[in-house]
1. Please note which strands (runs of 3 or more DSSP E) are completely contained in segment 1-102 and include at least 1 residues that are crowded, with 18+ Cβ neighbours inside 10 Å.
2. May I ask you to list the residues in segment 171-220 that are modelled with pLDDT under 80 and part of a helix (DSSP H, G or I)?
3. Here's a check for you: in segment 28-48, which residue that is within 27 Å of ALA133 (Cα to Cα) and either in contact with an Asp or Glu (Cβ under 9 Å, 6 or more places away or on another chain) or not assigned by TED's automatic domain parsing to the domain that holds LEU97 (or both) is modelled with the lowest pLDDT?
4. If only one of LEU50, LEU122 is of a type outside the set (Gly, Ala, Ser) and within 20 Å of LEU8 (Cα to Cα), which one is it?
5. Residue check, GLY43 against (1) in contact (Cβ under 8 Å) with a residue 60 or more places away in the chain; (2) farther than 29 Å from VAL245 by Cα, all met but one. Which one?
Amino acid sequence: MPQLDEQLPAFQLTSPRGERIAVDDLVCRGPVVLAAIEADGAGDPRSEMLTDLAQRLGAGRTLVVMSPGASALGSSLAASGGVTWLQDPTGEAFSALGLQYKRIGRTKRLGGLFVLDPERRLRFAFMTADRDAWIPGSFVLSRLDRLGAAAPAQAATEVVDITEDAAEPDLERLVGAVARRMGLTGADLSDLATATRVRDIGMAAVPDEIITKDGPLDDEEWAVIRMHPERSADMLDPAPAFARVREIVRASHEHLDGSGYPHGLKADRIPVGARILLAVESYLAMAGERAFGGLLSEQDSIDRIRLGAGRIYDPAVVAALTAEVAPPA
C-alpha cells in the first residue's frame, strides 16, 4: 500500500487513441485528482459527482478518470468536458495506487479518489469497492487546500464548516506529536494520519436537516449522528492492508469506560490511535471555544481533559498531550 505524503513510483497511462502518457506529464502543471474507476455501467452513480467535481476544481487542478480499459463512464465524462479519460491496460497505475491485488487466483481492483501533487506525492487517498459509496466532491475540494496540494482559492459554490477547517492543520500536527511521544512509529503513524484525515467522511450520509437543525436533536436524530463513525469506516478501502485505519475511524468516538459510540468499546478494545484522536480533537474543540467569546485558555482546556482521564480518555494519552501542549515551566 502506498503511504500518504510519500512519492509514488512512476507509471504510464494510455489515451483512448493509444498514446502513452506518463504521470509526471500529468502533474507537472499542478495537482491532479485521479479518479480510479474499476467498473461501470448504465446509470453509474459516480457520474454526477465527478461531473460536479470537474466543474468546481478551478484553474491549476486537473481531474483524470482512469479505467482498466474501455469505460462508458470515462468516455461520457471526457465528452462533457473538463475531464481527461485515460486507461490502464497493464495495471501498473492501479498497482502503484494500491488498488490492484490478487484474490483467489484472480486480480481484483478497487476504485477511489486520489490527489497527487506536482512532485508525484500522494496527498489524499480514498478507496472503495462500492461504486455507491464514493465521497462527495466537496469533501475532496476542501481537503485539497488542507493538504497544501492546491492553490488556496476554493470554488465559490463550496459550503465548508470554517470552524472545522481552521482547526484541521492543528489537529493533524498535534495528533502526530502526541503519537510520537507515545512511541508510535512507521506504519502506525501513517495509519493514524490517514484516519485523522478521513474520520468524518460518514457525516456526508447524515441528512442536512439534522446537521442544520436549530435546537436540540431528538433521540432518533442523535442515533443517526452516532452511527457516522461506522459509516466512515464502511466507506473506506476494504482491503486487509487498510484494516487498522478502518478500526481507528470506527472507534474514534469511543470512551475508555464504554460510554462512547457507536459500539460502547472499553479500554484496550479501543485502538490506541482512536484514543489519541479522541483526546486531541476534544482538547482542540475546547480551546476553540475562545473564538466564539468563550473564556477557556489552553490550560483550562487541558484541565478539562485531565478530569476525564480514566473515564473518557486514556490517562497515558492525556499525559502525552499535557506534555506537548502544557510542558512544565
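The values are calculated or read from the model by the stated rules, or taken from the named source; none is laboratory data. Because the structure is a prediction, the values reported are computed rather than measured. No Cβ is skipped: glycine too gets one built from the backbone with ideal geometry, and neighbour counts run over all protein chains shown.
1. On the way: elements: 12-14, 20-22, 32-36, 62-67, 84-87.
Ranges flagged: 12-14, 32-36, 62-67, 84-87.
2. ILE201, GLY202, MET203, ALA204, ALA205, ASP208, GLU209, ILE210, ILE211
3. Filtering first and then ranking leaves PRO45.
4. On the way: LEU50 fails: within 20 Å of LEU8 (Cα to Cα).
Just one listed residue meets the conditions, LEU122.
5. Against the list (1) in contact (Cβ under 8 Å) with a residue 60 or more places away in the chain; (2) farther than 29 Å from VAL245 by Cα, GLY43 comes up short only on (1).
Every residue, every condition in (1) modelled with pLDDT under 90; (2) farther than 10 Å from ALA36 by Cα; (3) touching a Pro at 6+ places or on another chain (Cβ under 9 Å), yes or no:
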residue	(1), (2), (3)
VAL65	no, no, no
LEU77	no, yes, no
GLY91	no, yes, yes
ASP117	yes, yes, yes
